[in-house]
Structures are given as structure tokens and as C-alpha cells.
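Just below is one structure, and these are the notes that go with it.
The values are calculated or read from the model by the stated rules, or taken from the named source; none is laboratory data. Note that the structure is predicted; figures quoted are calculated from it, not measured. Quick reminder, even Gly has a Cβ in these numbers, built from the backbone with ideal geometry, and neighbours come from all protein chains shown. Remember, those area values only see protein heavy atoms, side chains included, never the ligands or the DNA or RNA. Shrake-Rupley method; radii C 1.70, N 1.55, O 1.52, S 1.80 Å.
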Amino acid sequence: MATAYYIGVMSGTSLDGVDLALMDFAQTPPKLIASDFTSMPEPLRFAIGEIVKKGEVTLQQLGEVDHQLGLLYAECINQFLEKLGLKNAQIEAIGCHGQTIWHSPQSQFPFTTQIGDMHLVAVKTGITTVGDFRRKDMAYGGQGAPLVPAFHQAFFADEQRITAVLNIGGISNVSLLAPDQETIGYDIGAGNTLLDLWIETQQGKRFDQNGEWARTGQADQQLLDMLLDEPFFQQPPPKSTGRELFNLQWLQQKLAKYHAILPSIPAENVQRTLLEFTAQTIVDALQKINNPQHLPCVLLICGGGARNALLMERITALLPHWTVSTTTEYGLDIDYVEAAAFAWLAYQRIHHLPSNLPSVTGATQAVSLGVIFTKGVLGA
């Protein structure tokens, strides 16, 4: 049986590690064949976190981290292939997002920066690699994000229902798929980022397993209102954001405003309020959907937030007229949807097919995104 194997590689805002997805595009619909995860080495995670947090870096530091990430991606891919018993010649291409360290689509001179040397990935794996997906969309006036809704449309759209595909990673983003309507997709706001940052500062943990710590606290309405009082939430789509906005400094500023009125709040109540904040911003976004035909509404959740039991409970409770499920139940593992999307983006680029949605990013036209990197030898 013929195959068309592509590997998607994704390392997200949470900096927890590298996701890999092997997709077969010879099948209809395309099938996720295998997946894998490699934890981010702690020194590299710390170095990237410092760059994002401070927004400053020396050229030497930037170059070294860029190189280290390229090597890490290549090593992960080679180990993945070894586990699967596959040769590099069996893979048509790799789609690698790289690591976003800064995203500034609204500035006077809009730009986005992803690092991870794709030349190293191509050379060390011996596989054609597609990277740098976002900047061509921005060259056409788009925000360069989110890019995954185009994949969601190709994979999950159904003429008999309204489908919302919600990724709760470091940042929450949603794709709204409705019959006879343009696909809309945009960043909602903080997904897991603030939850992870707060528990790390208070307990030294990477994340709140199943929302267990948040469950011990109570949501504080006054703090919640202050968190929701952020101009980003009033902006119409297309829009995108990241840790440039939703970071520890942003949270500390909100807490300082709170403490000017009330002297203290238990740390677990902050965590519970942050979880309610994430849930509420998601629900607010979904309530804006136009549904004139009164079609069934299905919400498919993926990303790390889908493993937070309390967060899932709150979203379900706040959306009584929706069927809330996960992408796993619809054919794609919740942990690997974004990696699978970048395999699809690579497939689209190799075949010169459009891969952005102007209705999502704001670009003036649909184009084939990504730069193709080869191992560089003659004939390759």
C-alpha cells in the first residue's frame, strides 16, 4: 500500500517539550500513524523562558539557543524514526513550527520570530524540512497566526453541525467551522500559561495536575473582573497573542491592583480564579457564534488543557447547549493535533497548495506557507 508520510514537529508556549506526529496523507482522511513526545532539556527550557520573559537577548545567546533547538528537533525526529523502524527516505518532508520567542503583529513594523535552525534539522535528519511558516502570511498583511484553523477546517468540518475546535495550550485558540460561513479562528487569550506560571512560582511545579490545587481554592469575582478587563478581549478577530502579553508581570500587575483594594488573597484562590478566567474567556468567544439555522454545536478540545479535569468541568458547565468532547474522540489525539497540523502544512507547501485562511489571519490572499530546507547536496 502506498504511503505519503509527513512528520509534524511542534514545541509550544508552555515549553514543556517537543511533540511529533507521523501523518499519512495517502489515506482519506489523512491518518495519524504514530506520535511521540520528548521533554525539553531543563537548561534549554530555562534559556528560552528567560528570553521570552525579558524580551532581551544577546546575539550570542540567540544564536546558541537557535542551534541547540535545531539539534534537539533533529535528535527527536531521528529517535522517533528509529522507534518506528522507518528510514528517512520513507518520509516525504518534515513540517517544523520552531519555537516562538516573540510575536508582534500589531506593532508599527509587524514581525514574528521563531527559532530552531531548520538547516540543521534537514541536514541531521536527511529529510526535506519546511519551516518559517508565519512570515509569508504577515508579508501579505496577516497576523501570521493562528495557522492551525486551516487544518481544522480540512479535518473536522461537518456540514451538519457547527464545530468549534479549541486548543488549550499555553495560549487558547479556537477555530469556528460553520456551514456556508467563512472559517474564523483566533487566539482567545491565556490558556495554561498563567496557571502554569502561578503554580510554578508558588509550589515549584510545572503545572496543576487535573486542576487539583485550583480545586482547593475559590474563585474571587473581583480578581476575575480585573483579569477580564484587558483590551485584547475587546479586539475583533483576526487577532493573536502570546506570552508577550499574558505573562507573570501581567498577572502581578493585576494582583497589585487587587491588593490596593483588598489586602490579601490565598494563593489557591488565585489559581482557582485563573482557571475560571481561562474558562470564561473561552465561553465568551463561543457565545459570539452566529447560528441562524440552530444547528447542533460541538466543541472539540485538544491541548494540555484537555487533561485538566476541573477546567473541562467548568467549560462543560458554562456551555449547557453544546456537546463538549475532545479531538481524540474524532480521530486525533488531544496532545498531537498541532503537530499533525504542521505535517499538513508541510504537505500543502510541498504540493504548492494554499495553507492560510485570510478570514482567520487577515492576510490579503491565500498562499502556500513555509520555506523549504533541503540537506543541500547535489540532487537533493
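Is region 311-319 home to any residue that is out of contact with any strand residue (DSSP E or B) (no Cβ under 6 Å at 6 or more places or on another chain), modelled with pLDDT under 95, within 23 Å of Gln153 (Cα to Cα) and of a type outside the set (Phe, Trp, Tyr)? No: zero hits. May I ask you to say which residue of Gly211, Gly142, Gly185 is in a helix (DSSP H, G or I) and crowded, with 21+ Cβ neighbours inside 10 Å? Sole residue among the options that is in a helix (DSSP H, G or I) and crowded, with 21+ Cβ neighbours inside 10 Å: Gly211.
Scanning for something open to solvent by 20 Å² or more (accessible area, probe 1.4 Å), out of contact with any helix residue (DSSP H, G or I) (no Cβ under 9 Å at 6 or more places or on another chain) and not aromatic (Phe, Trp, Tyr), does region 216-223 turn up at least one residue? Within region 216-223, not a single residue is open to solvent by 20 Å² or more (accessible area, probe 1.4 Å), out of contact with any helix residue (DSSP H, G or I) (no Cβ under 9 Å at 6 or more places or on another chain) and not aromatic (Phe, Trp, Tyr).
Scanning region 327-370 for residues that are assigned to a helix (DSSP H, G or I) and among the β-branched types (Val, Ile, Thr) yields a count of 6. Total residues in region 198-228 satisfying the condition of being over 16 Å from Asn269 (Cβ atoms) and not small (Gly, Ala, Ser): the figure is 7. Checking each residue in region 275-308 for being assigned to a helix (DSSP H, G or I), open to solvent by less than 40 Å² (accessible area, probe 1.4 Å) and either within 18 Å of Asp335 (Cβ to Cβ) or of a type outside the set (Asp, Glu) (or both) picks out Leu275, Phe277, Thr278, Ala279, Thr281, Ile282, Val283, Ala285, Leu286, Gly305, Ala306. Entry remark, region 244-270: residues being in contact with a strand residue (DSSP E or B) (Cβ under 8 Å, 6 or more places away or on another chain) and either surrounded by fewer than 19 Cβ atoms within 10 Å (Cβ to Cβ) or not hydrophobic (A, V, I, L, M, F, W, C) (or both) number 1 in total. If you take the residues in region 309-350 that are among the aromatic types (Phe, Trp, Tyr) and under 13 Å from Thr163 (Cα atoms), which one is surrounded by the most Cβ atoms within 10 Å (Cβ to Cβ)? Within region 309-350, the match that is surrounded by the most Cβ atoms within 10 Å (Cβ to Cβ) is Trp322.
Could you tell me which residue of region 112-133 is farthest from the chain's Cα centre (by Cα), considering only residues that are over 16 Å from Asp66 (Cβ atoms) and open to solvent by 10 Å² or more (accessible area, probe 1.4 Å)? Selected residue: Gly126. Consider region 163-182 and keep the residues that are out of contact with any Gly (no Cβ under 8 Å at 6 or more places or on another chain) and over 15 Å from Ala279 (Cα atoms). The one that is surrounded by the fewest Cβ atoms within 10 Å (Cβ to Cβ) is Asp180. Within region 83-99, does at least one residue satisfy the condition of being surrounded by fewer than 21 Cβ atoms within 10 Å (Cβ to Cβ) and within 25 Å of Leu44 (Cα to Cα)? Yes - at least one qualifying residue is present in region 83-99. Only a single item in (1) under 21 Å from the mean Cα position of the chain (by Cα); (2) at pLDDT below 95; (3) farther than 30 Å from Gln218 by Cβ is not met by Ala380, and it is number (1). All of (1) within 21 Å of Ser104 (Cα to Cα); (2) outside any helix (DSSP H, G or I); (3) in contact with a helix residue (DSSP H, G or I) (Cβ under 7 Å, 6 or more places away or on another chain) hold for Gly242 with one exception: (3).
Among residues that are exposed (fewer than 14 other Cβ atoms within 10 Å of the Cβ), free of Cβ contacts under 8 Å to residues at least 12 places away in the same chain, of a type in the set (Ser, Thr, Tyr) and farther than 26 Å from Phe151 by Cα, Thr28 is not included.
Note on region 354-371: residues that are open to solvent by 40 Å² or more (accessible area, probe 1.4 Å) and within 24 Å of Pro237 (Cβ to Cβ) total 5. On the basis of being open to solvent by 30 Å² or more (accessible area, probe 1.4 Å), over 16 Å from the mean Cα position of the chain (by Cα), more than 20 Å from Glu244 (Cα to Cα) and of a type in the set (Asp, Glu), does Glu42 make the cut? Answer is yes for this residue.
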